[in-house]
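The values are calculated or read from the model by the stated rules, or taken from the named source; none is laboratory data. Just so we're clear, the structure is a prediction, and the values are computed from it rather than from any experiment. Please note: Cβ atoms are built from the backbone with ideal geometry, for glycine as well, and neighbour counts cover all protein chains shown.
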Amino acid sequence: MTEVVDRPASAPVMAGRPVPDIRTPPPGPLARRHVAFDHRFTSPSLPRAYPIVPIRGEGSAVEDIDGNLFLDFTAGIAVSATGYNHPRVTAAIERQARELIHFSASDFYLPIYAQLAAELDRIAPISAPTRSMIGNSGTEVIEAAIKLARFVTRRQYVVAFLGGFHGRSYGSVTLTASKAKYHAGFGPLLPGVLHVPFGSGGLDELEQRVFKRLVPADEIAAIFVEPIQGEGGYVVPDDDFLPRLRRLCDDIGALLVADEIQSGAGRTGAMWAIEHWNVEPDLVCIAKGIASGMPLGAMTGRAELFTWQAGHHGSTFGGNPISCAVALETIALLEEGLMDNARERGEQAIAGLRRLATSQAAIRDVRGKGLMIGIEFDSGETAEAVQWAAFRRGLLVLEAGENVVRLCPPLVVSASEVDTAVALLGEAVADAQRDRATLLDQARRWMDVEDTVDG
Ligand code: PLP
């Protein structure tokens, strides 16, 4: 487990230290103590992947409470697009905080809210004029899209895809179909939601089964799709799927809603993943990376669809001025080079991982676009063991789907950091091949650390 291996000579540094730099095998004593404290007071529904207890970050590096430095290829679940504490992001927060921290944009006219809506109009994957409803999170703007789709079409049914993840509030969790546990015990869910498989086969099912036997096509308000599925396992669809989905929506008069919450904001090397297939949605849902970690979501769509009137939808906090200021700065940084970096570093990572796959039989597939990369393993247990072994070696990655490890680093990640991550993953996969049972035992036991810490 502590075997020393070849790492690229130009390993990145934070405050003069190489990254990663594990001084105390994680979780260290302070992390264990903190986890016990956390478990006493926080909701047990929080799905913690492993016991990283971060206290500060810089670029792609994160320091934990025990002073270990980790190379972070999770970016707070595809959120910290500009890396941790980008100086321009920090400056935007400070500037805006000194001027105005809150003034509800729903009830009054907040200049920066409209300014961000205009920027979203400029960058949206929609050539027609657009409008935006700005909120605080991904799930919130999915709810807004369900409401607007039903309102404007006066139809009640909504279609989503198996394996999709759209959030955890009632409407969005009904669309979510990546794991049954997200629905467990919470029914009845939102009525009028149908699911079909992701990909062209799902469109066959809609046309040949659903529209013939279950629901008339002219009662479908909208079809929600992640252009590349995120939580479901970083699944890239077949090339016919999205163009054909666009044609289908046009034929039946349903809205095509692109959930770009995970795949958007430059992560795939284009501003929006759907652009890789030259398809325009009617509505696009945006969150996560667009504001570099400040809470912000947006539903942006063709202006003519916004037929609802004052009071039909709003939010006290939605479009908070600090979040808007950071979104504007993030968009500038993405366009000034981070999107290009995502494409280049993504190609580098995929090439390195595919080389690794030739010598590691446990890797079944390496896929993705830009810095949205999935590594599929022979089993969920292997993926879990690799995630844990990577953590112990100082690389943060996150499982997705049933047997996939996802890589979604900050878009500032450097070439040497990518090399370091690929080398560490190679070591982690080798660890998992050698001693999967021990790794799984360690990974699952940390949940009980409060039994072992003193004080
Ligand atoms: N949609 C997608 C594709 C997501 O990945 C997520 C979150 O992981 C959401 C929606 C929900 O976003 P939030 O957690 O901000 O509510």
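Some notes on this structure:
- Criterion applied to 330, 268, 307 was being polar (S, T, N, Q) and closer than 22 Å to residue 237 by Cβ, and the one residue passing it is 268.
- If the condition is being assigned to a loop (DSSP other than H, G, I, E, B), charged (D, E, K, R) and over 29 Å from residue 218 (Cα atoms), then the stretch 107-164 contributes only 107.
- Residue in the stretch 408-416 that is closer than 24 Å to residue 25 by Cβ and in contact with a helix residue (DSSP H, G or I) (Cβ under 9 Å, 6 or more places away or on another chain) present: yes
Condition check ((1) crowded, with 19+ Cβ neighbours inside 10 Å; (2) at pLDDT 95 or above; (3) not aliphatic (A, V, I, L, M)) across all residues:
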{"position": "16", "(1), (2), (3)": "no, no, yes"}
{"position": "19", "(1), (2), (3)": "yes, yes, no"}
{"position": "26", "(1), (2), (3)": "yes, yes, yes"}
{"position": "30", "(1), (2), (3)": "no, yes, no"}
{"position": "36", "(1), (2), (3)": "no, no, no"}
{"position": "44", "(1), (2), (3)": "no, no, yes"}
{"position": "50", "(1), (2), (3)": "yes, yes, yes"}
{"position": "60", "(1), (2), (3)": "yes, yes, yes"}
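- Answer from 93, 134, 142, 77 - the residue that is within 16 Å of the ligand (Cβ to nearest atom), closer than 30 Å to residue 31 by Cβ, within 24 Å of the chain's Cα centre (by Cα) and not small (Gly, Ala, Ser): 77
- Scanning the stretch 140-151 for residues that are touching a residue at least 40 places away in the same chain (Cβ under 8 Å) and surrounded by 20 or more Cβ atoms within 10 Å (Cβ to Cβ) turns up 140, 141, 142, 144, 145, 146, 148, 149.
- Residue in the stretch 175-193 that is part of a helix (DSSP H, G or I), within 15 Å of the ligand (Cβ to nearest atom) and surrounded by 15 or more Cβ atoms within 10 Å (Cβ to Cβ) present: yes
- Residue within the stretch 205-213 that is more than 25 Å from residue 270 (Cα to Cα) and crowded, with 19+ Cβ neighbours inside 10 Å present: yes
- Take the conditions (1) farther than 30 Å from residue 106 by Cβ; (2) surrounded by 18 or more Cβ atoms within 10 Å (Cβ to Cβ); residue 302 misses just one of them, which is (1).
- Where residue 164 falls short, out of the listed (1) away from the ligand (no atom under 15 Å from the Cβ); (2) in contact with a helix residue (DSSP H, G or I) (Cβ under 8 Å, 6 or more places away or on another chain): (1)
- Applying the condition of being more than 12 Å from residue 198 (Cα to Cα) and either among the aliphatic types (A, V, I, L, M) or free of Cβ contacts under 8 Å to residues at least 40 places away in the same chain (or both) to the stretch 240-253 and asking which residue is surrounded by the most Cβ atoms within 10 Å (Cβ to Cβ) yields 249.
- Residues in the stretch 358-379 that are touching a helix residue (DSSP H, G or I) at 6+ places or on another chain (Cβ under 9 Å) and among the β-branched types (Val, Ile, Thr): 363, 366, 373, 375.
- In summary, strands (runs of 3 or more DSSP E) completely within the stretch 359-455 and bearing 3 or more residues that are aliphatic (A, V, I, L, M) occur at 372-377, 404-407.
- Residue among 309, 262 that is more than 16 Å from the ligand (Cβ to nearest atom) and either assigned to a loop (DSSP other than H, G, I, E, B) or more than 28 Å from residue 335 (Cα to Cα) (or both): 309
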